[in-house]
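**Student:** This is the structure, below, for whatever I ask next.
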Amino acid sequence: MPRPKDGTAGFYYQDKWNSLVCKNREFTIPEIRKCLQNQRLHFWGDSTLRQWYEYFALLMKSTLDEKKAANSKFGPHVAVDKAFNTSFYYRHHGFPIRNSWTPGKDIHYVPNMNIIASGGKE
């Protein structure tokens, strides 16, 4: 896609992004819920991705299952929307971790997450 000569990709106006590069579409909440119906979404990454997980979980009016979280910031976290059969999973990425609130024993590599989720060991 061609970029404007001054390098500006777009701008915010009234809390909405307006692209100068491509035509973007705004989705309604019912459209988002229908699109995510019967889906399982996995969010594995940093705190920014955790915010996206929380946003979608709230948007879908999901029930958060915080009991499974070994660490409230680190996860794992699960949110389920039973009405639309949608599940959201969040887990913080593995090393490198640059904080003091994450115990090393709680850090697992993403390829090993299925083993851990099934009750096995890494």
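**Student:** Identify all residues within the stretch 1-44 that are of a type in the set (D, E, K, R) and not in a loop (DSSP other than H, G, I, E, B); write none if there are none. Break it down stepwise before answering.
**Tutor:** The initial filter retains those residues of the stretch 1-44 that are of a type in the set (D, E, K, R), namely 3, 5-6, 15-16, 23, 25-26, 31, 33-34, 40.
16, 31, 33, 34, 40 - these are the residues of the stretch 1-44 that are of a type in the set (D, E, K, R) and not in a loop (DSSP other than H, G, I, E, B).
**Student:** Quickly run through the stretch 45-58 and pick out the residues that are at pLDDT below 80 and part of a helix (DSSP H, G or I).
**Tutor:** 47
The values are calculated or read from the model by the stated rules, or taken from the named source; none is laboratory data. Predicted, not measured: the structure shown is a model, and the values here were computed from it.
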